[in-house]
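Chemist: Below is one structure. I have some questions about it.
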Amino acid sequence: MKGEENMPLVPAACLLKHAQKNAYAVPAFNFHDLVDLQAIITAAQAEAAPVILMASEGTIRFAGFSYIEGLASAAAREAKIPFALHLDHGRELDNIVKSVRHGFTSVMFDGSHLAFDENIRLTSWVVDVAHRVGISVEGELGQIPGAEDDISVSAKEAGMTDPGLVAEYVEKTGVDALAVAIGTAHGLYKGEPKLDFPRLEAIRQMTSVPLVLHGGTGVPDATVRQAISLGICKLNVGTDLRLAYTGSISLALREQEIHDPRPLLGIAKEAVIEVVRDKIRLCGASNKAHAI
Ligand code: G3H
Ligand code: ZN
């Protein structure tokens, strides 16, 4: 890939291996439409960084596989940085198969709600299907809660990734990356999130697959950096982009009457670009694109 003008969609594993070797994390962003997508690609190009574009099952319900595929292939023609198209938190096997057929280069099978053996059984099936066509698979062990979920500290701990199960899970499933539950949550935090770093270190001892941190919004920068230094190779961020998108539009509409969506969406795009560039720098991913 070195020296090529255009860099196509690549499997996430290719990006994650480079990040692991070079002690940074690949930032992974949830997107929903053309505005998000252009903002992420523009920011990644400005930073010369690899990125992962993530579509959740909710986004697929909203936009549909064909439109997502079309947007990503347009980005692949335009972009000069390598990126992956990833299914985020895939729970329906049907969506995994459709992702494979619609140009995704990575899928997450989220079996975190299942019993351990069932999680292994279904994740192995997903790995088998995806690997046949060179697509990467991210698995999840433990449960990453919603920040809004009112759960006690002991319940939170019970849902965290058990390092004792990691080696068996990775070995039996063959996943390329593992999402870990170590104290982050999806959405906005009520207080400052406390990450269980000894647990992350124990997990790291058990496997060499790249580790993934979900719930990247609202985690202090120093905490993210420490997590990366302890083996996190992919940082998932969603809510921060949505806040920038909707917040910038609300503000603009409060300040002036605008009846043309283009200037409004342009404002949103600029706001999302800023957030994405910040996260790319935080991950240490700037200037890594052309070395991959
Ligand atoms: O899978 C997506 C991420 O974990 C997003 O989390 O919305 O809290 O940044 P976030
Ligand atoms: Zn997540």
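Chemist: Quick one: Karplus J couplings for segment 248-257, per residue in order, coefficients 6.51, -1.76, 1.60, θ = phi - 60°, nearest Hz, x for Gly and Pro?
Modeler: Calculated HN-Hα couplings, in order: 5, 5, 4, 4, 4, 6, 6, 7, 8, 7 Hz.
Chemist: Here's another thing I want to ask about it. Mean 1/r over all different Cα pairs, inverted: what Kirkwood radius does segment 151-292 give, in Å?
Modeler: With all distinct Cα pairs of segment 151-292 included, I get 17.2 Å.
Chemist: Then there's this: Just want the answer: with Cβ charges of +1 for Lys and Arg and -1 for Asp and Glu, which residue in Thr184, Gly266, Gly142 is farthest toward the dipole's positive end in segment 12-291?
Modeler: My answer, from the dipole projection, is Gly266.
Chemist: Oh, and also: Tell me, what HN-Hα J-couplings in whole Hz come from the Karplus equation 6.51 cos²θ - 1.76 cosθ + 1.60 at θ = phi - 60° for each residue of segment 233-242, using x for Gly and Pro?
Modeler: Whole-Hz 3J(HN,Hα) from phi for segment 233-242: 10, 9, 10, 8, 9, x, 4, 4, 6, 5.
Chemist: Okay, next question. Once each part is reduced to its C-alpha centroid, what is the distance from segment 88-103 to segment 206-277 in angstrom?
Modeler: With segment 88-103 and segment 206-277 each reduced to a Cα centre, they are spaced 24 Å.
Chemist: So who's got an amide H within less than 5 Å of the one on Val26, skipping anything under 5 residues away but keeping other chains? H placed 1.01 Å off N, in plane.
Modeler: For Val26, whose amide H was placed from the backbone, the distant partners under 5 Å are Lys234, Leu235.
Chemist: Related question: Pull out a ≥ b ≥ c, the square roots of the eigenvalues of the alpha-carbon gyration tensor of segment 49-127, then state rounded if a/c is under 1.5, prolate if not and a/b is larger than b/c, and oblate in the remaining case.
Modeler: Prolate, since a/c reaches 1.5 and a/b exceeds b/c.
Chemist: For segment 111-212, evaluate the Debye formula with one uniform point scatterer on each Cα (no solvent term) and list log10 I(q)/I(0) at q = 0.12, 0.17, 0.18 Å⁻¹, rounded to two decimals.
Modeler: Values returned for q = 0.12, 0.17, 0.18 Å⁻¹ are -0.40, -0.77, -0.85.
Chemist: At 7 Å along the Cα-to-beta-carbon direction for both Val97 and Arg242, put a label point, then send me their distance in nm to one decimal.
Modeler: 2.9 nm
Chemist: Using just the helices of the chain, give the 222 nm mean residue ellipticity in deg cm²/dmol: DSSP H runs with n ≥ 4 each add -39,500 (n - 2.57), and the total is spread over all residues, rounded to 500.
Modeler: -15500 deg cm²/dmol
Chemist: Multiplying the sequence separation of His259 and Lys21 by 0.36 nm and subtracting their Cα-Cα distance, what value in nm do you get?
Modeler: Length gained, His259 through Lys21: 80.8 nm.
Chemist: What ³J(HN,Hα) values, in whole Hz, does the Karplus curve 6.51 cos²θ - 1.76 cosθ + 1.60 give for segment 96-103 when θ = phi - 60°, with x put for Gly and Pro?
Modeler: With the stated coefficients, segment 96-103 comes to 5, 4, 5, 4, 4, 7, 10, x Hz.
Chemist: Taking amide hydrogens as modeled 1.01 Å from N in the peptide plane, which residues meet the under 5 Å criterion relative to His89, leaving out close sequence neighbours?
Modeler: Amide H neighbours of His89: Met108.
Chemist: Taking every pair of distinct Cα atoms and averaging 1/r, then inverting, what Kirkwood hydrodynamic radius in Å comes out for the chain?
Modeler: Hydrodynamic radius (Kirkwood, Cα pairs) of the chain is 19.1 Å.
Chemist: Have a look at Ala55, Pro198, Ile40 and report the one farthest towards the positive end of the charge dipole of the chain, computed about the Cα centre with Cβ charges (Lys/Arg +1, Asp/Glu -1).
Modeler: Ile40
Values in this text are rule-based calculations from the coordinates and carry no lab data. Treat the numbers as computed from the prediction; the structure is a model and nothing was measured. Cβ sites come from the backbone with ideal geometry, for glycine too, and all protein chains shown count toward neighbours.
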